[in-house]
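> Before I ask anything, let me first share the structure, which is written out below as structure tokens.
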Amino acid sequence: MLAALAACSPLKLVDRVTPSDSYRLTAGVAYGPDPRQMLDIYQPLKPLPDHPVVVFFYGGTWNSGSRQQYRFVGEALASQGIVAVVADYRLYPQVRYPAFLKDNAAAVAWAYRHIGEYGGNPQRFFLMGHSSGAYNAAMLALDPRWLAAEGLTPAILHGWIGLAGPYDFLPIENPEAKPVFFAPHEPPDSQPINHLSASAPPALLIAANSDSLVNPQRNTHQLAGRLRALGVPVQDFYYDRINHVTLVGSLAKPLRWLAPVLPDVVAFVGAGLPASSSRP
């Protein structure tokens, strides 16, 4: 399985081995007029009155990805009693920064206002993302401009979860990301690290020590430290047996032995407002 994940279509392989009998899917819900402004909702099979909600944004350097490729994330969360929302958003070259953040905010606003119809509790509402999707989640949680455009504030969030996220990456080195942020004229306000405050929602930050794409020390470790210094509840975990890709891959049922990412997420979501902690 690990060897196959290193091949050209790891997401297709993970999708093939993802169970389809552990959730109820409502697919292709529009939250805006563009074909990319759609989301999928994964409901737990056992109905409860108080399901927490996680809106997930996938990675792909803001130029690739689709919600259908992340059924394994929806399945993982729904199988643990969480209503999961996996949202598409417009990508480069159709849009550049900050248009995709406006899409993210619109998806969150739709979910917040409608998720009760799908068994979710908007009072237990979380954002989550991997890689560039973790950046998106961070920006919505830390920079109030984006949710404000939808008549909301980050105060609606019970917390947010970043998996291998880039939070401080100027000047941009990745050639695929450069045009997204107008390099070499990248706006400083595009960086999550520049939007920290004591009122920020609690955070769960997870990274791979061997991540060669997004430096875990500069990004996850630095962000956790600065948030913690402001008194924001933060948990930051770092694992040795995973890399940038297998970190999110470990949410898939056959790969959960790689790292306890899913239990970490479930504990954070279930705990509500967690106490500050870190794992060596």
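> Checking the condition free of Cβ contacts under 8 Å to residues at least 60 places away in the same chain, hydrophobic (A, V, I, L, M, F, W, C) and surrounded by fewer than 18 Cβ atoms within 10 Å (Cβ to Cβ), which residue from Leu91, Leu45, Leu101, Leu140 passes?
When all the criteria are applied, what remains is Leu45.
> Yes or no: region 176-197 includes at least one residue that is crowded, with 16+ Cβ neighbours inside 10 Å and among the small types (Gly, Ala, Ser).
Yes, because at least one residue in region 176-197 is crowded, with 16+ Cβ neighbours inside 10 Å and among the small types (Gly, Ala, Ser).
> Going through Leu152, Leu147, Leu127 one at a time, which residue ends up being touching a strand residue (DSSP E or B) at 6+ places or on another chain (Cβ under 6 Å), touching a residue at least 24 places away in the same chain (Cβ under 8 Å) and crowded, with 17+ Cβ neighbours inside 10 Å? Before the answer, list the steps.
Working: Leu152 fails: touching a strand residue (DSSP E or B) at 6+ places or on another chain (Cβ under 6 Å); Leu147 fails: touching a strand residue (DSSP E or B) at 6+ places or on another chain (Cβ under 6 Å).
Answer to the selection: Leu127.
> What's the number of the condition Asn121 fails, among (1) surrounded by 17 or more Cβ atoms within 10 Å (Cβ to Cβ); (2) part of a strand (DSSP E or B); (3) over 15 Å from the mean Cα position of the chain (by Cα)?
(1)
> Restricting attention to region 30-48, which residues are among the aliphatic types (A, V, I, L, M), outside any strand (DSSP E or B) and in contact with a strand residue (DSSP E or B) (Cβ under 8 Å, 6 or more places away or on another chain)?
The first filter runs over region 30-48 and keeps only residues among the aliphatic types (A, V, I, L, M), leaving 30, 38-39, 41, 45, 48.
Adding the requirement that they be outside any strand (DSSP E or B) leaves 45, 48.
Correct list: Leu45 only.
> Give just the number: which of (1) modelled with pLDDT of 95 or more; (2) more than 19 Å from Tyr135 (Cβ to Cβ) does Ala6 not satisfy?
The single condition Ala6 does not satisfy is (1).
For every residue, the table says whether it meets (1) touching a helix residue (DSSP H, G or I) at 6+ places or on another chain (Cβ under 9 Å); (2) at positive phi; (3) not aliphatic (A, V, I, L, M).
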{"residue": "Asp21", "(1), (2), (3)": "no, no, yes"}
{"residue": "Pro33", "(1), (2), (3)": "no, no, yes"}
{"residue": "Gln37", "(1), (2), (3)": "yes, no, yes"}
{"residue": "Gly65", "(1), (2), (3)": "yes, yes, yes"}
{"residue": "Gln69", "(1), (2), (3)": "yes, no, yes"}
{"residue": "Val85", "(1), (2), (3)": "yes, no, no"}
{"residue": "Asp88", "(1), (2), (3)": "yes, no, yes"}
{"residue": "Pro93", "(1), (2), (3)": "yes, no, yes"}
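> On to the next question. Mind checking which residues of region 155-175 are surrounded by 24 or more Cβ atoms within 10 Å (Cβ to Cβ), touching a Gly at 6+ places or on another chain (Cβ under 7 Å) and part of a loop (DSSP other than H, G, I, E, B)?
Scanning region 155-175 gives a single hit, Gly165.
The values are calculated or read from the model by the stated rules, or taken from the named source; none is laboratory data. Note that the structure is a prediction, hence the values are computed from the model and not measured. Please note: Cβ atoms are built from the backbone with ideal geometry, for glycine as well, and neighbour counts cover all protein chains shown.
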